[in-house]
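Note sheet for the following structure.
The values are calculated or read from the model by the stated rules, or taken from the named source; none is laboratory data. Quantities reported herein were computed from a predicted structural model and do not represent experimental measurements. Positions of Cβ are backbone-derived with ideal geometry, glycine not excepted, and every protein chain shown enters the neighbour counts. Areas reflect the complete protein model, heavy atoms only, side chains present, ligands, DNA and RNA absent. Shrake-Rupley method; radii C 1.70, N 1.55, O 1.52, S 1.80 Å.
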Amino acid sequence: MKLKTSTNVSESADLAERDITHMRRAIALASQAIGRTAPNPPVGCVLVKNGRVIGEGYHRKAGLPHAERDALANALNDTEGATAYVTLEPCNHHGRTPPCTDALLEAGIQRVVVGAVDPNPRVSGAGLERLRVAGVEVVAGVCEHQALELIAPFTRHMLHRRPLVTIKIACTLDGKIATSSGHSQWITGPEARLDVHRLRNHVDAIAVGAGTVRTDNPRLTTRLPDDSGRSPLRVIVSTRLNLPMDAQIFDAELASNTVIFCAETNPRVEASFAKKGVEVIPVGHGSGEGVALDIMLDMLARRDVMWLMVEGGTGLSSSFLQQGLVDTLRIYQAPKVIGADGLSWAGAMGLRTMEDVQAWSLKQVQQLGSDIRIDLQRT
């Protein structure tokens, strides 16, 4: 009996290890589509039979096959009796595509291993229950943390109807983003700047303030070595539309993917931007004198923006922080010191005691060349 128990424990451990290995592969597949599936989440799927991978797939874009159907279409062998590793619970409802539970059952899948349960409370668990009732063995929660991290923007969008907001900062050891003259190129090294472009490739939109447009004249495009990236929607936040018409971001090839949110309208200026193909959206004033950021986020969510990166500057970042609208921070910190006369990435917030200070928890620290990347989330 002892020998049999030991064997069962060993077999169980081997199975759990294989489950983790295949789920990690499914997560890697899904990661290829981050930023391209809105309003759907990125999902990956791996099919395994007799210890061999017989099919892989992932959801590439809304309207295209979901990960399970993509993997089944790519299967090299008969799928009867196979195991499906899926990063997110298979859907059990009709959307743009039929339910994935139907596809798995029709394919004769015997076991389904899931990373995360669907965060949508209206359908959460329904897909797993459908499979269990049909006699399929279901295992949930394998690599759950990584699977949930993969769909964090989708979850925020689904549960709160607004994008997940990440503030990106490139700063010195003393938290400065520019010298007293406003000079900032370059605080960080090439490795960190390349990582920023990878982030741009994943988000749905990038937001900057009018001051950043005037001072830095950015293009806000994604530039990767292999030209594989795609540039997200460019969002400019400008209270009074006091923007230079000749800014790079309004060039012909960029203008159609650029939108300006403002607090105060100016029909003449709006007409000039319209001729360039730039959309201007008045949303009124929020707290203080700035643009109503909560309304802006609501309107972006309606456009299927699930992940918004705020790239600056100090005023815009501080406004998001003051209003409690930031979910994560990504800080690229260079081993440099500018001093007290430099420009800080966060402006005055009017806090008088430590009880009022915003607290953040550390997610990850990574060295990039001579710089450090720090990822944090709200506690």
Check the stretch 108-122 and report whether any residue there is surrounded by fewer than 21 Cβ atoms within 10 Å (Cβ to Cβ) and of a type in the set (Asp, Glu).
no
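Here's the yes/no breakdown for (1) buried (at least 17 other Cβ atoms within 10 Å of the Cβ); (2) at pLDDT 90 or above:
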| position | (1), (2) |
| --- | --- |
| Asp195 | yes, yes |
| Asn201 | yes, yes |
| Ile206 | yes, yes |
| Val213 | yes, yes |
| Thr239 | yes, yes |
| Leu243 | yes, yes |
| Asp246 | no, yes |
| Ala252 | no, no |
Do we find a residue being part of a helix (DSSP H, G or I), closer than 20 Å to Leu47 by Cβ and open to solvent by less than 20 Å² (accessible area, probe 1.4 Å) anywhere in the stretch 155-178?
no
Are there any pairs, at least 6 apart or on different chains, whose C-beta atoms fall under 7 Å, with the first in the stretch 332-356 and open to solvent by less than 60 Å² (accessible area, probe 1.4 Å) and the second in a strand (DSSP E or B) and of a type outside the set (A, V, I, L, M, F, W, C), and if so, which?
Tyr332/Asp371; Tyr332/Arg373; Gln333/Asp371; Ala334/Asp371; Ile338/Lys176; Gly342/Lys176; Ser344/Lys176
With the first residue restricted to the stretch 54-67 and required to be among the hydroxyl-bearing types (Ser, Thr, Tyr), and the second required to be surrounded by fewer than 19 Cβ atoms within 10 Å (Cβ to Cβ) and outside any helix (DSSP H, G or I), Cβ contacts under 7 Å at 6 or more apart or on different chains are Tyr58/Gln32
Residues being of a type outside the set (D, E, K, R) and under 21 Å from the mean Cα position of the chain (by Cα): count how many of those fall in the stretch 102-123.
7
Residues satisfying the stated conditions in the stretch 294-317, i.e. in contact with a helix residue (DSSP H, G or I) (Cβ under 9 Å, 6 or more places away or on another chain) and either modelled with pLDDT of 95 or more or at positive phi (or both)
Ala301, Asp304, Val305, Met306, Trp307, Leu308, Met309, Val310, Gly312
Exactly one of Leu351, Leu362, Leu329, Leu308 is in a strand (DSSP E or B), farther than 25 Å from Leu220 by Cα and among the aliphatic types (A, V, I, L, M), and that one is Leu362
Kindly establish whether Leu321 is open to solvent by less than 70 Å² (accessible area, probe 1.4 Å), of a type in the set (A, V, I, L, M), within 19 Å of Leu173 (Cα to Cα) and not in a loop (DSSP other than H, G, I, E, B).
no
Verdict on Leu104 being within 24 Å of Arg24 (Cβ to Cβ), open to solvent by 10 Å² or more (accessible area, probe 1.4 Å) and touching a Leu at 6+ places or on another chain (Cβ under 8 Å)
no
First in the stretch 222-251 and more than 15 Å from Val310 (Cα to Cα), second anywhere and part of a strand (DSSP E or B) and among the basic types (Lys, Arg), Cβ under 7 Å, 6 or more apart:
Ile249/Arg234
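From His183, His202, His160, grab the single residue that is of a type outside the set (A, V, I, L, M, F, W, C) and either in contact with an Asp or Glu (Cβ under 9 Å, 6 or more places away or on another chain) or touching a residue at least 12 places away in the same chain (Cβ under 8 Å) (or both).
Selected residue: His202, the only one of His183, His202, His160 that is of a type outside the set (A, V, I, L, M, F, W, C) and either in contact with an Asp or Glu (Cβ under 9 Å, 6 or more places away or on another chain) or touching a residue at least 12 places away in the same chain (Cβ under 8 Å) (or both).
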All but one of (1) closer than 18 Å to Ser31 by Cβ; (2) touching a residue at least 12 places away in the same chain (Cβ under 8 Å); (3) open to solvent by 70 Å² or more (accessible area, probe 1.4 Å) hold for His145; state the number of the condition that does not hold.
(2)
When the stretch 129-154 is checked residue by residue, the ones that are farther than 15 Å from Gly44 by Cα, of a type in the set (Val, Ile, Thr) and not in a helix (DSSP H, G or I) are Val136, Val138, Val139
What number goes with the only condition from (1) out of contact with any helix residue (DSSP H, G or I) (no Cβ under 7 Å at 6 or more places or on another chain); (2) open to solvent by 30 Å² or more (accessible area, probe 1.4 Å) that Leu128 does not pass?
(2)
